[in-house]
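Structure first, commentary second.
No lab work stands behind these numbers, since they all come straight from the coordinates. Bear in mind that the values here come from a model prediction, so they are computed numbers and not experimental data. Here the Cβ positions follow ideal geometry from the backbone for every residue, glycine too, while neighbour counts run over all protein chains shown.
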Amino acid sequence: MTKKSHHVVPSENGWCVKESGNSNPLFCSKTKVEATNVGRTISQSQHTELYLHNADGKIARKDSHGHDPYPPKDKK
């Protein structure tokens, strides 16, 4: 099962926040900053990963708002 995530992606008129598996945007804005702020709020409230994309569509950064263990478990 794939985990739900949110993405801030470029669009024709600016930037949009989309949910994984859904082609319709949840929110669109002319600025990346505003779309990122809304995307972060949505991601935090739903405990999902937030992916921030560059203007070319490639993932630039990822923020985790899930239930990550702290401190992280050692990988062996």
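So here's what we get for this one:
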item	result
Rough spin-label spacing in nm, given labels placed 7 Å along Cα→Cβ, for VAL33 and LYS4	3.0
Backbone N within segment 1-33 under 18 Å of label point (7 Å from ALA60 Cα along the Cβ vector)	6-18, 28-33
Largest to smallest principal axis extent of the C-alpha atoms in segment 5-64, angstrom	28, 22, 20
